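Enquirer: Okay, handing you the structure first.
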Amino acid sequence: MPLSKLEASIEINRPIAEVIAFVDDNNNDPMWQTSVLESEKKSDGPPAVGTIYHFKEKFMGRVIEQDWEVTARNEDGSAWSAKSLSGPFPMETTMLFEACGDNCTRVIRTLSIDVGRFFKAASPVVGHVAKRGMDTDFANLKELLEMGAASD
């Protein structure tokens, strides 16, 4: 099964705690992640290992639904990992938030996708489309946060 491992990063001119808080709030997902149509946190409490999220997304012309579980998370939320539990293909992601100055945060995301049979015919372009989506999402995140969306 074809596997794509992708990475994107961006520097955002906002404090690290503000960036983490904005990304942690799944209600913000459709604002900055272009593929996300709906995002629902299924578990109670703050994000932690074991927290489950349900996503409805549009990817390559198809609407897909998947559940994700947080598999690792440090106490301040500056590093976490998650994996898909359902949906058309297995995926894993990590997010890392690093201070790059007093008012600067570097965000790094990795995404591993096993396209398997779902996108078999289109597997050569899936990685390219997903990477372009990650870059667009990060540009959206930067614009929203630097315009002050997190403080509204």
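Enquirer: If you take P(r) over Cα pairs in 5 Å bins from 0, in percent from the coordinates, which of (i) 2, 9, 17, 20, 18, 14, 10, 6, 3, 1, 0, 0; (ii) 2, 8, 15, 17, 17, 11, 8, 6, 6, 4, 3, 2, 1, 0; (iii) 2, 9, 18, 24, 22, 15, 8, 3, 1, 0 do you get?
Expert: Calculated P(r) over Cα pairs in 5 Å bins from 0, in percent: the matching label is (iii).
Enquirer: Exposed loop sites here are trypsin sites (Lys or Arg not before Pro) in DSSP loop states with at most 14 other C-beta atoms within 10 Å. What is the longest stretch of the chain lacking them?
Expert: Working: sites that count: Lys42, Arg117.
Value returned for the longest uninterrupted segment is 43-116.
Enquirer: Measure off 7 Å from each Cα along the Cα-to-Cβ vector at Asp67 and Ala99, then give the distance between these two points in nanometres to one decimal.
Expert: My value for the distance between the label points is 3.8 nm.
Enquirer: I've got another one for you. Can you compute 3J(HN,Hα) from phi for each residue in region 79-90, using the Karplus curve 6.51 cos²θ - 1.76 cosθ + 1.60 with θ = phi - 60°, rounded to whole Hz and x for Gly and Pro?
Expert: Those phi angles translate into 8, 8, 9, 8, 9, 6, 9, 8, x, x, 7, x Hz.
Enquirer: Can you give me the relative contact order of the chain as a percent, contacts being Cα pairs under 8 Å and 6 or more apart?
Expert: On the way: 303 pairs, mean separation 48.1, N = 152.
Dividing the mean separation by the residue count of the chain yields 32 percent.
Enquirer: To make sure I understand, if each residue's beta carbon is the centre and we count other beta carbons within 10 Å, what order do Met147, Met31, Met134 fall in, fewest to most? Display every interim value, and only then the final one.
Expert: Working: Met147 10, Met31 14, Met134 22.
The fewest-first ordering by Cβ neighbours comes to Met147, Met31, Met134.
Enquirer: What is the distance, in nm, between label points placed 7 Å from the Cα along the Cα-to-Cβ direction at Val129 and at Ser81?
Expert: Computed distance between label sites Val129 and Ser81 equals 2.8 nm.
Enquirer: I'd like the distance separating the alpha-carbon centroids of region 57-113 and region 15-30, in whole Å.
Expert: 12 Å
Enquirer: For the Cα atoms of the chain, what angle does the longest principal axis make with the long axis of helix 123-146, in degrees from 0 to 90, nearest 10?
Expert: Once rounded, one gets 20 degrees.
Enquirer: How large is the helix-only mean residue ellipticity at 222 nm for the chain, computed as the sum of -39500 (n - 2.57) over DSSP H runs with n ≥ 4, divided by its residue count, in deg cm²/dmol to the nearest 500? Don't jump to the answer; show the numbers that get you there.
Expert: Numbers: 3 runs with 37 residues, N = 152.
-7500 deg cm²/dmol, from helical runs alone.
Bear in mind that the values in this text are calculations on the coordinates, not laboratory data. Predicted model, so just to flag it, every value in this text is computed and none were measured. Ideal geometry is used to build each Cβ from the backbone, glycine not excepted, and the neighbour counts take in all protein chains shown.
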